[in-house]
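The values are calculated or read from the model by the stated rules, or taken from the named source; none is laboratory data. As the structure is a computational prediction, the values presented were derived from the model and not from experiment. Positions of Cβ are backbone-derived with ideal geometry, glycine not excepted, and every protein chain shown enters the neighbour counts.
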Amino acid sequence: MNAAPANGAQWVVLKFGGTSVSTRPRWDKIAAIAKAKRAQGKHVLIVVSALSGTTDKLKAICDGHADAGKCRAVADEIIARHRAMFVELELKDAGGLDTWLARLERLLADPRRTDGALTWQAEVLALGEMMSSTLGAAYLTASGVATRWLDSREHLLSEALPNQSAWGSYLSAQVPTARDEALITKLPTLGEIFITQGFMARNAAGETVILGRGGSDTSASYFGALLDAEIVEIWTDVAGMFSANPRSVPNARLLSKLDYEEAQEIATTGAKVLHPRCINPVREAGVPLAIKDTNYPEFAGTEICAAVADALPSVKAISSRSGITLISMESIGMWQQVGFLADVFEIFKRHGLSIDLVSTAETNVTVSLDPTENLVNTDVLSALCTDLAGICRVKVIAPCAAITLVGRGMRSMLHKFSTILAEFGSLRVHLISQSSNNLNLTFVVDESAASDLVPQLHDLLIKAEAMRVEDSAVFGPSWVDLYKKKLVQDAPWWRARRDELLKLARQATPHYVYDLATVRAQAQALRGTIKAVDRWFYAIKANSHPAILREIVARGFGLECVSPGEIAHVREIFGDAVDILYTPNFCPRADYAAGIAAGARVTVDNLHPLEHWGELFAGREIELRLDLDFARGHHDKVKTGGAASKFGLSLNELDEFLRLARQHDVRVVGLHAHLGSGILDAKHWKEVCAQQASIAEKIGTVRSLNVGGGYGVPARADEAPLDLAAVAAGLAEVKAAYPQFELWSEPGRFLVADAGVLLARVTQLKRKGEFRYVGVDAGMHTLIRPALYEAYHEIVNLSRIDEPADELVQVVGPICESGDVLGNHRRLAAPQEGDVILIAQAGAYGAVMSSDYNLRGRATETVL
Ligand code: ADP
Ligand code: ASP
Ligand code: MG
């Protein structure tokens with residue numbers, strides 16, 4: 001373990017929001033992000049939100065506290081959701097989660113529920129983050145990222161503020177922060193990675209309090225200040241703060257860099273991506289804040305720090321808040337009455353209400369109440385109005401929306417706003433306010449007008465050059481550009497060809513469908529990137545469909561076969577026009593004879609053939625397959641190196657092999673090693689090649705080194721693809737050191753996996769305990785990889801591709817085996833009998849490995 005850091009600069013605080021903690025692939029992302037920080041020597045504190053939707057449900061319990069039946073029903077949904085998550089994460093020990101679920105039961109039975117006591121509400125709301133952090137700690141630890149759970153309430157102590165309402169002190173609490181030396185010194189003695197809850201703190205009486213909706217961001221920044229962190233990173237579902245909410249304005253531009261004040265202004269005026277209170281603590285502590293997309297960590301995101309390079313005044317963002325209540329107060333009779341404002345504000349103070357916008361006239365003052373800062377309900381309002389009625393005529397205008405333009409130097413841009421003001425001209429504008437810090441200009445309109453207005457205004461701001469999007473120091477790409485590109489790039493071919501696939505499924509299921517363009521692209525990627533390889537052979541066992549073989553041969557590949565049957569298949573399609581590399585394993589003598597007769601390059605991987613059938617090879621050139629005594633691969637069953645694997649000649653038998661070769665006048669002209677499949681570690685091939693090269697130098701007769709295949713294709717959306725450029729660089733290095741050798745390689749799966757999908761039809765649905773089973777007409781007889789290698793194949797409900805994939809199911813086949821499961825704990829759009837289910841990445845080792853088991857017949861194959 002590292003020594004305690006001399007200063008807090010080594011801490012990074014990573015906050016993950018609701019969507020970032022709601023699925024297992026996201027937790028794998030979190031593990032990877034935390035690991036990367038550790039690898040840089042940082043101490044890591046992870047702050048999490050509740051699983052998405054959970055806080056809403058807990059709030060529904062608080063709001064419906066009086067209705068025991070409703071509370072029960074909502075609680076059951078929460079329990080089911082968390083149990084399903086536990087199953088999805090494949091955790092072993094339910095103890096931690098059970099503790100919180102039991103706590104939920106106790107709170108339902110608590111006498112404080114009847115009148116919805118604020119202390120009770122705070123405890124209820126806190127449960128979401130308690131559960132998510134508990135599940136997260138267990139999953140991260142099980143994933144090899146040892147993570148210690150902390151109770152955030154032990155470290156965040158809220159402060160009673162003057163005139164704060166009871167509601168505010170329990171449900172919108174604030175925490176004073178300063179560098180906490182004791183904590184900075186203590187934590188590193190307990191571990192390296194910690195996880196804690198956002199959204200909550202404790203008050204001086206030791207009670208749980210809540211920081212307000214969206215308050216987990218603020219927890220992270222409180223911890224950033226306590227730990228004097230190097231950075232606080234807010235990981236969410238969008239790559240930063242944008243010039244408008246990208247969900248309603250897809251053309252919104254990424255704000256690459258902001259200073260604290262601008263970010264504060266954008267957050268307070270409605271950009272939900274940051275909780276408004278989270279800027280101040282980091283600003284005071286001088287800790288920078290970043291916003292990043294958990295799903296696409298490669299996107300630059302937004303950086304928020306003290307000073308940003310000088311730029312011309314520009315509107316940076318347009319935001320809007322709804323649910324605003326305006327209180328208009330008309331003074332009775334007296335014109336410019338001294339103390340009128342003081343009297344009015346005194347009443348708001350008495351009710352613990354904080355005012356946001358103010359506009360005054362000689363006889364009228366209108367103010368706004370922001371629901372994120374205040375409990376604004378009918379009881380509160382009528383009590384306020386009763387008191388105000390004593391000194392003025394009161395009018396409540398609600399619901400309103402406040403639309404705000406934010407940017408430094410707002411006043412110097414007024415001349416550019418003519419088109420903007422024209423838009424407002426046609427609406428009822430209840431209030432206009434220009435902030436005294438010159439950072440914002442706000443218009444309050446009827447709530448119903450806001451949603452159409454904001455995208456329109458955003459466009460106009462760009463056209464009027466009031467938003468200077470050409471300044472690349474501040475503005476990044478638009479949200480659509482950023483994500484469309486990514487989505488197109490990431491979208492598998494089958495999404496675009498859905499209609500064709502559904503049509504094919506109507507003809508027959510189960511049905512393998514192949515896309516030749518994907519095969520071509522993969523072949524080109526390999527050949528075009530890994531230039532050090534001189535000769536490529538496609539391992540046809542992965543998929544020997546003639547159309548696929550033709551496509552690959554047309555890209556300049558030879559073919560690698562492992563049996564006389566495969567050789568005959570190739571000769572039948574191509575005659576002698578294609579080069580065959582023959583690599584059988586534990587085959588009878590006759591199989592070698594067949595390979596020799598077919599003119600293939602024969603590979604031997606054992607002493608036995610030379611010891612017993614030497615005359616067969618006499619006077620010939622052969623390839624020798626070596627076991628380099630290590631292996632890599634996505635599963636034990638695809639590792640093909642080391643004594644436990646049957647492949648390859650052991651290195652300690654090499655001398656004997658060479659002696660036998662000399663005895664029979666056999667020349668070893670090539671070395672071969674293939675040590676596993678599905679390898680995503682780019683250095684693998686270089687290591688293999690370097691080892692082969694040094695052995696080959698000793699043998700003397702070797703001309704070529706075959707580094708095998710095994711190029712991995714990521715199975716899960718969040719796995720990084722193999723870095724082919726790095727593979728290329730590694731092999732080029734070895735080649736430069738040993739220019740005398742030709743390099744060969746024999747990919748299989750890499751070329752075809754993504755090119756194929758398996759279509760199946762839903763047969764039956766069943767529920768058993770926590771599990772929901774979806775039966776399909778494909779099974780382990782159609783695609784055996786999940787059963788054999790625990791392989792993960794993405795599965796979607798193709799019939800309902802546009803509906804939310806939110807049912808957690810087991811996708812199973814019709815074979816009489818418990819192992820006949822195609823997908824464990826998958827989220828599918830509510831499957832119904834007859835729906836077409838697509839199993840992705842089935843182009844390799846799919847149809848070729850299918851069987852007649854249970855006499856269910858084989859799948860149809862179609863090449864698009
Ligand atoms: P989390 O659950 O991770 O805390 P939130 O839902 O609280 O995430 O915040 C992220 C969301 O904020 C985005 O998905 C987006 O819809 C919304 N949002 C609103 N305004 C903006 C803005 N100006 N820039 C980016 N996101 C915004
Ligand atoms: N879970 C809390 C909420 O939904 C806090 C957060 O997510 O930031 O408001
Ligand atoms: Mg949030």
* Pick from GLU346, GLU362: which is over 39 Å from the mean Cα position of the chain (by Cα) and part of a loop (DSSP other than H, G, I, E, B)? -> GLU362
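For the subset of segment 358-382 comprising residues that are among the aliphatic types (A, V, I, L, M) and surrounded by 13 or more Cβ atoms within 10 Å (Cβ to Cβ), which member is nearest to ALA267 (Cα to Cα)?
Taking segment 358-382 first, the residues among the aliphatic types (A, V, I, L, M) are 358, 361, 365, 367, 369, 375-376, 380-381.
Still in the list and also surrounded by 13 or more Cβ atoms within 10 Å (Cβ to Cβ): 358, 365, 367, 369, 375-376, 380-381.
Details: VAL358: 19, VAL365: 26, VAL367: 20, LEU369: 16, LEU375: 19, VAL376: 20, VAL380: 26, LEU381: 26 Å.
So the residue we want is LEU369.
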* Having 2 or more residues that are under 32 Å from the mean Cα position of the chain (by Cα), under 30 Å from ASP777 (Cβ atoms) and modelled with pLDDT of 95 or more is the bar; report the helices (runs of 4 or more DSSP H) wholly within segment 406-513 that clear it. => 498-507
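Of all the residues that make up segment 49-64, how many are of a type in the set (Ser, Thr, Tyr) and more than 9 Å from ligand 2 (Cβ to nearest atom)?
0
Residue-wise test of (1) out of contact with any Lys or Arg (no Cβ under 8 Å at 6 or more places or on another chain); (2) under 30 Å from GLY712 (Cβ atoms).
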{"residue": "LEU758", "(1), (2)": "yes, yes"}
{"residue": "ARG761", "(1), (2)": "yes, no"}
{"residue": "LEU783", "(1), (2)": "yes, yes"}
{"residue": "HIS793", "(1), (2)": "no, yes"}
{"residue": "VAL796", "(1), (2)": "yes, yes"}
{"residue": "GLU803", "(1), (2)": "yes, no"}
{"residue": "LEU808", "(1), (2)": "no, yes"}
* Specify the residue that is surrounded by the most Cβ atoms within 10 Å (Cβ to Cβ); the eligible residues are those in segment 635-647 that are outside any loop (DSSP other than H, G, I, E, B) and not β-branched (Val, Ile, Thr). => LYS639
* To do: Check segment 292-307 and report whether any residue there is surrounded by 24 or more Cβ atoms within 10 Å (Cβ to Cβ) and free of Cβ contacts under 8 Å to residues at least 40 places away in the same chain.
  => no
* To do: Specify the residue that is modelled with the highest pLDDT; the eligible residues are those in segment 667-712 that are of a type in the set (Ser, Thr, Tyr) and in contact with a helix residue (DSSP H, G or I) (Cβ under 7 Å, 6 or more places away or on another chain).
  => TYR711
* Within segment 184-233, considering residues that are under 25 Å from the mean Cα position of the chain (by Cα), within 13 Å of ligand 2 (Cβ to nearest atom) and hydrophobic (A, V, I, L, M, F, W, C), the one nearest to LEU14 (Cα to Cα) -> ALA220
* Matching residues in segment 57-101 - criterion: being touching a Gly at 6+ places or on another chain (Cβ under 6 Å) and under 24 Å from GLY136 (Cβ atoms) -> LEU58
* To do: Restricting attention to segment 562-596, report how many residues are out of contact with any Cys (no Cβ under 6 Å at 6 or more places or on another chain) and closer than 20 Å to ASP627 by Cβ.
  => 8
* in contact with a helix residue (DSSP H, G or I) (Cβ under 8 Å, 6 or more places away or on another chain), at pLDDT 95 or above and within 23 Å of ALA402 (Cβ to Cβ), is that true of ILE279? -> yes
* Could you run through segment 399-423 and say how many residues are in contact with a helix residue (DSSP H, G or I) (Cβ under 8 Å, 6 or more places away or on another chain) and surrounded by fewer than 20 Cβ atoms within 10 Å (Cβ to Cβ)? => 3
* **Selected residue (only one of SER426, SER412 is hydroxyl-bearing (Ser, Thr, Tyr), farther than 19 Å from ILE327 by Cα and without any contact (Cβ under 8 Å) to a residue 24 or more places away in the chain)** => SER426
* **Selection from segment 366-388 of residues that are in contact with a helix residue (DSSP H, G or I) (Cβ under 6 Å, 6 or more places away or on another chain) and modelled with pLDDT under 90** => LEU375
* Within segment 230-240, is even one residue buried (at least 22 other Cβ atoms within 10 Å of the Cβ), more than 13 Å from ligand 3 (Cβ to nearest atom) and in a loop (DSSP other than H, G, I, E, B)? -> yes
* Counting only residues that are surrounded by 22 or more Cβ atoms within 10 Å (Cβ to Cβ) and either assigned to a loop (DSSP other than H, G, I, E, B) or in contact with a Gly (Cβ under 9 Å, 6 or more places away or on another chain) (or both), how many does segment 135-144 have? -> 3
* **Check on VAL273, of a type in the set (Val, Ile, Thr), in a loop (DSSP other than H, G, I, E, B) and within 13 Å of ligand 3 (Cβ to nearest atom)** => yes
* Looking at this structure, is GLY819 of a type outside the set (D, E, K, R), surrounded by fewer than 20 Cβ atoms within 10 Å (Cβ to Cβ) and in contact (Cβ under 8 Å) with a residue 24 or more places away in the chain? -> yes
* **Only listed residue being of a type in the set (Gly, Ala, Ser) and within 24 Å of LEU171 (Cβ to Cβ), chosen from ALA32, ALA73, ALA39** => ALA73
* Given the residues PHE223, PHE194, PHE199, which is the only one that is within 15 Å of ligand 1 (Cβ to nearest atom) and among the aromatic types (Phe, Trp, Tyr)? -> PHE199
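Identify, from the list ASP718, ASP723, the residue that is within 25 Å of LEU559 (Cα to Cα), modelled with pLDDT under 95 and among the acidic types (Asp, Glu).
ASP723
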* Structure fact -> In the set LEU724, LEU705, the lone residue that is closer than 21 Å to SER677 by Cβ and in contact with a strand residue (DSSP E or B) (Cβ under 6 Å, 6 or more places away or on another chain) is LEU705
* Asked: Going by the structure shown, is PRO786 crowded, with 18+ Cβ neighbours inside 10 Å and either closer than 20 Å to GLY633 by Cα or free of Cβ contacts under 8 Å to residues at least 12 places away in the same chain (or both)?
  -> yes
* Asked: Do any residues in segment 517-528 that are of a type in the set (Lys, Arg) have Cβ atoms under 7 Å from those of residues that are in a helix (DSSP H, G or I), where the two are at least six apart or on different chains, and which pairs are they?
  -> ARG520/GLU551
* Asked: If you take the residues of segment 841-864 that are of a type outside the set (A, V, I, L, M, F, W, C) and over 34 Å from the mean Cα position of the chain (by Cα), which of them is nearest to TRP493 (Cα to Cα)?
  -> THR860
* Asked: Within segment 148-161, which residues are part of a loop (DSSP other than H, G, I, E, B) and surrounded by fewer than 16 Cβ atoms within 10 Å (Cβ to Cβ)?
  -> ASP151, GLU159, ALA160, LEU161
* **Qualifying position, being outside any loop (DSSP other than H, G, I, E, B), of a type in the set (D, E, K, R) and without any contact (Cβ under 8 Å) to a residue 40 or more places away in the chain, among ARG247, ARG283** => ARG283
* Quick check: anything in segment 648-666 at pLDDT 95 or above, within 29 Å of LEU788 (Cα to Cα) and crowded, with 23+ Cβ neighbours inside 10 Å? -> no
